[in-house]
Amino acid sequence: MQYRPLGRTGLSVSSIGLGTMTWGEQNTEDEGHAQMDYAVECGINFFDTAELYAVPPKAETQGTTETIIGSWFKAHKNRDQIILATKITGRSPMNWFRKDGGKTRLNAAQIDEAVEGSLRRLQTDYIDLYQLHWPDRKLSLFGGHGFADYPVDFTPFEIILEALDRHVQKGNIRHIGVSNETAWGVMRYLAEASSRGLPRMASIQNAYHLINRTFETGLAEVAMREEVGLLAYSPLGQGTLTGKYLNGARPEGARGTLFGRLERYQGPGAEDAIKACITCAQEHGLSPVQLALKFCDTRPFVTSTLIGATSMEQLKENIDAFAVSWSDDLEKAVNDLHAKHRSPCP
């Protein structure tokens, strides 16, 4: 297992991060515990979760994933061995997260409530990396294309940082990060932190995979020059890069079969790009999973690649994929794919 610096925090996280969002919906508590046990045996020291999980988001299961992680910490008494990341829900119409029944926003009051809720469910007194799940600004996110008519109304960056800083000062959270953020947003947070002596963003958790390389335009330079590395989520494109959904297939028990929500990977050119990736893997003697995960792992701006699984078989396959060798031929092949297909699934 490789370990890489988490921004400028002084922490080192495993190059493989354990994603958890299916626990409490597709996975039971016992299955979540078994995945954490196996991950630790393999050298993984970085877990990522969110107050929103399990997925898909709904009131009945909100917070269950954190609760499962908390019960594992209580049973193992090993909190100090894990670098734990969680997230506060961004701006949305969802009204079941806060006690007042209001819509979610990134403001001081909601940050206070969300931090306390996560600490309680996780059965810990500190969070190593507290992330903003998506911005308070209304943006074209989660598969959206192009420029939107962005409204002026959003919580100022300095107000968000000041609210987070109060929890850093109390020891509730150690470091902070962003998710589903733009290059402009990251730089504004860094500028406010520098000018006001506030906590600095340590990481960017965005979608990144063979058919979504949009991070490389703008954000990759920020990540490298500012030491704010990428925590790459959905490296298998929500499972689409395994090929299991090709030609309209809907395997029993798969997330896309159970819940749909595959629109991000069904736009124009998506199917052709996925088929090309699978063919590329086969031509180089790799499985589609090996090609997709090792691609992420070999990018210089990636701090950790976040994997998730609904079975131990999948988890083992994902972890094993990082052991394959990368070559100049593979680098050329994935870049040729990108030149032809150009991120159809942002």
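Tallying residues that are surrounded by 18 or more Cβ atoms within 10 Å (Cβ to Cβ) and small (Gly, Ala, Ser) within region 194-219 yields 3. Any residue that is buried (at least 19 other Cβ atoms within 10 Å of the Cβ) and assigned to a helix (DSSP H, G or I) - is there at least one of those in region 36-47? Yes - at least one qualifying residue is present in region 36-47.
Can you tell me how many residues in region 89-98 are charged (D, E, K, R) and over 17 Å from Glu60 (Cβ atoms)? Break it down stepwise before answering.
Kept after step one, since they are charged (D, E, K, R), are these residues of region 89-98: 91, 98.
After this cut, where a residue has to be over 17 Å from Glu60 (Cβ atoms) as well, the list is 91.
Qualifying residue count, region 89-98: 1.
When restricted to residues that are more than 17 Å from the chain's Cα centre (by Cα) and more than 30 Å from Gly101 (Cβ to Cβ), region 40-72 contains 5.
Of the residues making up region 56-98, those that are farther than 28 Å from Gly7 by Cα and among the β-branched types (Val, Ile, Thr) are Thr61, Thr64.
Results for (1) among the β-branched types (Val, Ile, Thr); (2) within 27 Å of Phe46 (Cα to Cα), shown as yes or no for each residue.
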residue: Gln266; (1), (2): no, no
residue: Ile278; (1), (2): yes, no
residue: Glu283; (1), (2): no, no
residue: Leu293; (1), (2): no, yes
residue: Lys316; (1), (2): no, yes
residue: Ser325; (1), (2): no, yes
residue: Leu337; (1), (2): no, no
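In a residue-by-residue description of region 104-115, the property of being closer than 30 Å to Ala34 by Cα, touching a residue at least 40 places away in the same chain (Cβ under 8 Å) and in a helix (DSSP H, G or I) applies to at least one position. Within region 1-50, the only residue that satisfies the criterion of being under 17 Å from His175 (Cα atoms) and either at pLDDT below 95 or touching a helix residue (DSSP H, G or I) at 6+ places or on another chain (Cβ under 6 Å) (or both) is Thr49. Of all the listed residues (Asp297, Asp329), the sole one being surrounded by fewer than 18 Cβ atoms within 10 Å (Cβ to Cβ) and at pLDDT 95 or above is Asp329.
Hey, can you tell me all the residues within region 116-125 that are crowded, with 17+ Cβ neighbours inside 10 Å and assigned to a helix (DSSP H, G or I)? Before you say what the answer is, go through the steps one by one.
Kept after step one, since they are crowded, with 17+ Cβ neighbours inside 10 Å, are these residues of region 116-125: 117-119, 121-122, 124.
Answer for region 116-125, where residues must be crowded, with 17+ Cβ neighbours inside 10 Å and assigned to a helix (DSSP H, G or I): Gly117, Ser118, Leu119, Arg121, Leu122.
Of the helices (runs of 4 or more DSSP H) contained entirely in region 262-346, those carrying at least 2 residues that are basic (Lys, Arg) and over 30 Å from Asp30 (Cα atoms) fall at 328-341.
For region 22-35, a residue qualifies if it is out of contact with any Leu (no Cβ under 8 Å at 6 or more places or on another chain), outside any helix (DSSP H, G or I) and not acidic (Asp, Glu), and the qualifying residues are Thr22, Trp23, Gly24, Asn27, Thr28. Cβ-Cβ contacts under 8 Å between residues 6 or more apart (or on different chains), taken from a first residue in region 1-18 that is basic (Lys, Arg) to a second residue that is part of a loop (DSSP other than H, G, I, E, B), are listed as Arg4/Ser15; Arg8/Arg200; Arg8/Glu227.
Once region 220-257 is narrowed to residues that are touching a residue at least 60 places away in the same chain (Cβ under 8 Å), farther than 23 Å from Ala281 by Cβ and not charged (D, E, K, R), the residue that is surrounded by the fewest Cβ atoms within 10 Å (Cβ to Cβ) is Gly253.
Checking each residue in region 184-209 for being hydrophobic (A, V, I, L, M, F, W, C), free of Cβ contacts under 8 Å to residues at least 40 places away in the same chain and under 27 Å from Leu262 (Cβ atoms) picks out only Ile204.
Filtering region 164-185 to residues that are surrounded by fewer than 19 Cβ atoms within 10 Å (Cβ to Cβ), within 17 Å of Ala108 (Cβ to Cβ) and among the aliphatic types (A, V, I, L, M) leaves only Val168. Taken as a whole, region 73-80 holds no residue that is surrounded by 23 or more Cβ atoms within 10 Å (Cβ to Cβ) and of a type outside the set (S, T, N, Q).
Could you say which residue among Asn212, Asn180 is at positive phi and touching a residue at least 60 places away in the same chain (Cβ under 8 Å)?
Residue meeting the stated conditions: Asn180.
The numbered conditions (1) out of contact with any Pro (no Cβ under 9 Å at 6 or more places or on another chain); (2) modelled with pLDDT under 95 are all true for Pro268 except (1).
Is it fair to say Ile83 is modelled with pLDDT of 95 or more and touching a helix residue (DSSP H, G or I) at 6+ places or on another chain (Cβ under 7 Å)? No, not satisfied.
From the list Gly32, Gly17, Gly43, Gly102, which residue is over 19 Å from Gln123 (Cβ atoms), touching a Phe, Trp or Tyr at 6+ places or on another chain (Cβ under 7 Å) and of a type in the set (Gly, Ala, Ser)? It would help to see each step written out before you state the result.
Numbers: Gly32 fails: over 19 Å from Gln123 (Cβ atoms); Gly43 fails: touching a Phe, Trp or Tyr at 6+ places or on another chain (Cβ under 7 Å); Gly102 fails: touching a Phe, Trp or Tyr at 6+ places or on another chain (Cβ under 7 Å).
None of the others qualify; the one that does is Gly17.
The values are calculated or read from the model by the stated rules, or taken from the named source; none is laboratory data. This one's a predicted model, so the numbers in the text were calculated from it and none came from an experiment. Please note: Cβ atoms are built from the backbone with ideal geometry, for glycine as well, and neighbour counts cover all protein chains shown.
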